[in-house]
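Trainee: Quick one: structure below, then a few questions.
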Amino acid sequence: MPKFKSILITSLLVTLTGLTVFALEQKLMSIQVKKGTVRSQPSFLGKVVAELNYGDQVAVQNVKGPWYFIDRPGGSPDGWMHSSALSTKKIVLKPGASDVDKAASSDELTLAGKGFNQQVENDFKSKNPNVDFTWINKMEKMDVSQNQIQNFVEEGKLSPQGAQ
Amino acid sequence: MKRSNRREFLSQAFKYGLWSLGATPMISAILSGCEMLDNIAESGPTIELGDYTIDTKAIAKKGQSVSKTFEDFTPEQEYYIGRTVGARVLQKYPPYDNPRANQYLNVMGQMLAQASDCPETFGGYHFLIQDSDEINALAAPGGFIFVTRGILRCCPNEDAVAAVLAHEIGHVQYKHGLQSIKQSRITSALTSLAIDSAKEYGDADLAKLTETFEESISDISQKLIVNGYSRSFEYQADVSAISITKRAGYNPYGLVDMLNQMKIQLKPDRQDFAKTHPSPDSRLAEIQAYIGKNSVVTSPPTRQSRFKAALGSI
């Protein structure tokens, strides 16, 4: 009997330790795109339940192929995001001196707005006035909604399997 | 570890409940280990950036990996590179201002991007027709994709247009553009991240960074417009085109239709595409192993009629 008790206690301890570590070690990821879309289903056909910003951190709770079920701690509803919108690195939006120092010696941090950025593009434009960005800006404004894509698929009798 | 392998590993980890057993720190260590880059040499060179001189040896002494490759450009930086490369590409061929045709291409392109391995980029995918008889299609980093009227005339059906767009999405997905940037510029651009904590770069740093930016844009533009990618990059993009079009529900033989038409239309005096791409015949031979059994593209009437309506008079 005492042996059984000790096995029981040990098992409980192991389980509790596991659960505690799980709670503490949820994998955090960061939105690495301008606009991160959270959906109700692991598919682009899933309804959009939230939109997250560049640099926002989320906790990954489940994985289904390339889709991650994420939770925004204390934030908007949970849902699915495509993994290509997520980075394992923490993205620092307004990096200070200590972040710059950390980033120099670590692969864990990304500094937003550093390196090739809007300021560099503006400087490039002032030095190369013959390079015209008008149509690049127009291209970015050519928005396509998920409804349009869905109608396009149905009208063309396509049967997409979605991202794998 | 490649992105897909990492994803598979994570998926398996969840499946077998590894995380709930408290194995997360271990998994995390393995995953970050996969992303580690080669350590720089102990006696690294110094890099001069404006008023600053960076001793890479000193950085190496911090005991971490700081060697930089094209993969270290953030999606945000890739986006800025792509915008300017796109503007350069538009200097070669002007835009074709036809809202209906461009809209058709953008809806199709977004649908195809969603079927790719990299559906989300920092600023998203965008497609534009260029007003040129030359047969050409180009992708700037981050998802700015250009196709000429000339290449669209090689497409007898929508499935063939989809193959052209999917091939370019393949180039974006594999970051072929960024891989054209010379290593010295990558080192200079990415090491500069360590020098300044102010919100904006000072004049000297900015001038140096813009110079590196211009050189990087020039490396990519030169590769896209003048020299062309290696054959292996082109074949890799063709394999992507087959995989993406299949997933999207198209007949992958749209690519074969397009290449056969291109063979007929490529003229000796229009050397641009022929100079920058392997011949249609060698591409046709190369894709045989991936494309599956022979098939004839038969677009449903609704698909063919919208294709004619949008691009019939291209």
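Where a number appears in this text, it was derived from the coordinates with a stated rule and is not lab data. All of these numbers come straight from a predicted model, not from anything done at the bench. Methodologically, a virtual Cβ is constructed for each residue, glycine included, from the backbone with ideal geometry; neighbour enumeration extends over all protein chains shown.
Trainee: Quick check on packing: order B:172-185, A:78-91 by the mean number of other C-beta atoms within 10 Å, highest mean leading. Could the numbers behind the result be given before it?
Mentor: Working: B:172-185: 19.5, A:78-91: 21.1.
Output ranking for B:172-185, A:78-91: A:78-91, B:172-185.
Trainee: Using a simple charge model, +1 on the beta-carbon of Lys and Arg, -1 on the beta-carbon of Asp and Glu, nothing else, what dipole does the stretch B:63-115 show about its Cα centre, in debye to the nearest 20? The partial results should precede the final answer.
Mentor: Details: 5 positive and 5 negative charges, 51 e Å.
About 240 debye.
Trainee: Which whole number gives the average count of other chain Cβ atoms within 10 Å of the Cβ atoms across peptide A:53-62?
Mentor: Numbers: counts 0, 3, 1, 0, 0, 0, 0, 3, 2, 4.
Mean inter-chain Cβ contacts per residue within 10 Å come to 1.
Trainee: What is the distance in Å between the Cα centres of the stretch A:73-97 and the stretch B:254-314?
Mentor: 40 Å
Trainee: Over the Cα atoms of the stretch B:68-129, compute the convex hull volume and normalise it per residue, giving Å³. Could you put the intermediate results ahead of the total?
Mentor: On the way: hull volume 5.7 nm³, N = 62.
Measuring per residue, one finds 92 Å³ for the Cα hull of the stretch B:68-129.
Trainee: At residue B:91 and residue B:215, where each label point lies 7 Å from the Cα along Cα→Cβ, what is the point-to-point distance in nanometres?
Mentor: 1.8 nm
Trainee: At q = 0.24 Å⁻¹, work out log10 I(q)/I(0) for the stretch B:228-277 with the Debye formula, treating every Cα as an identical point scatterer and leaving solvent out; two decimals please.
Mentor: At q = 0.24 Å⁻¹ the computed log10 ratios are -0.97.
Trainee: Whole-Hz ³J(HN,Hα) for each residue in the stretch A:59-68, computed from phi via Karplus 6.51 cos²θ - 1.76 cosθ + 1.60 with θ = phi - 60°, x for glycine and proline: what do you get?
Mentor: Going residue by residue, I get 9, 7, 10, 7, 9, 9, x, x, 9, 10 Hz, with x marking Gly and Pro.
Trainee: Same structure, new question: Could you give each residue of the stretch A:37-52 its phi-based ³J(HN,Hα) in whole Hz, using Karplus coefficients 6.51, -1.76, 1.60 with θ = phi - 60°, and x for Gly or Pro?
Mentor: So the Karplus estimates, Gly and Pro as x, are 9, 9, 10, 6, 10, x, 6, 5, 7, x, 5, 6, 9, 6, 10, 10 Hz.
Trainee: Let me ask you something else. Other chains' Cβ within 10 Å of B:216-223 residues: what's the mean?
Mentor: On the way: counts 1, 4, 0, 0, 0, 0, 0, 0.
Going residue by residue through B:216-223 and averaging, the value is 1.
Trainee: Note down, for the stretch B:106-224, the three equivalent ellipsoid semi-axes (square root of 5 times each alpha carbon gyration tensor eigenvalue), biggest first, whole angstrom.
Mentor: Values: eigenvalues 220, 50, 27 Å².
Three semi-axes, in Å: 33, 16, 12.
Trainee: Hey, another quick one. Which entries of A:157/B:246; A:127/B:68; A:47/B:308; A:89/B:199; A:35/B:223; B:92/B:275 have Cα-Cα distances beyond 23 Å here? Kindly include the intermediate steps, with their values, before the conclusion.
Mentor: Values: A:157/B:246 13 Å; A:127/B:68 27 Å; A:47/B:308 32 Å; A:89/B:199 21 Å; A:35/B:223 30 Å; B:92/B:275 15 Å.
Beyond 23 Å: A:127/B:68; A:47/B:308; A:35/B:223.
Trainee: Treating only the Cα positions of the stretch B:103-173 as identical point scatterers, give the base-10 log of I(q)/I(0) from the Debye formula at each q in 0.15, 0.27 Å⁻¹.
Mentor: -0.41, -1.30
Trainee: Dividing the Cα convex hull volume of the stretch B:176-312 by residue count, how many Å³ per residue is that?
Mentor: Numbers: hull volume 26.6 nm³, N = 137.
Taking the convex hull of the Cα positions in the stretch B:176-312, it is 194 Å³ per residue.
Trainee: Mind checking the mean number of beta-carbon atoms from other chains within 10 Å of the Cβ atoms in A:31-44? Provide the component values of the computation, followed by the final result.
Mentor: Working: counts 1, 6, 8, 8, 4, 1, 1, 0, 0, 0, 0, 0, 1, 7.
Mean partner-chain Cβ count within 10 Å for A:31-44: 3.
Trainee: So who's got an amide H within less than 5 Å of the one on residue B:253, skipping anything under 5 residues away but keeping other chains? H placed 1.01 Å off N, in plane.
Mentor: Close amide H contacts, sequence-distant or interchain: none at all.
Trainee: On each of the three principal axes of the Cα atoms of the stretch A:31-164, give max minus min coordinate, whole Å, ordered largest first.
Mentor: That works out to 49, 42, 24 Å along the principal axes.
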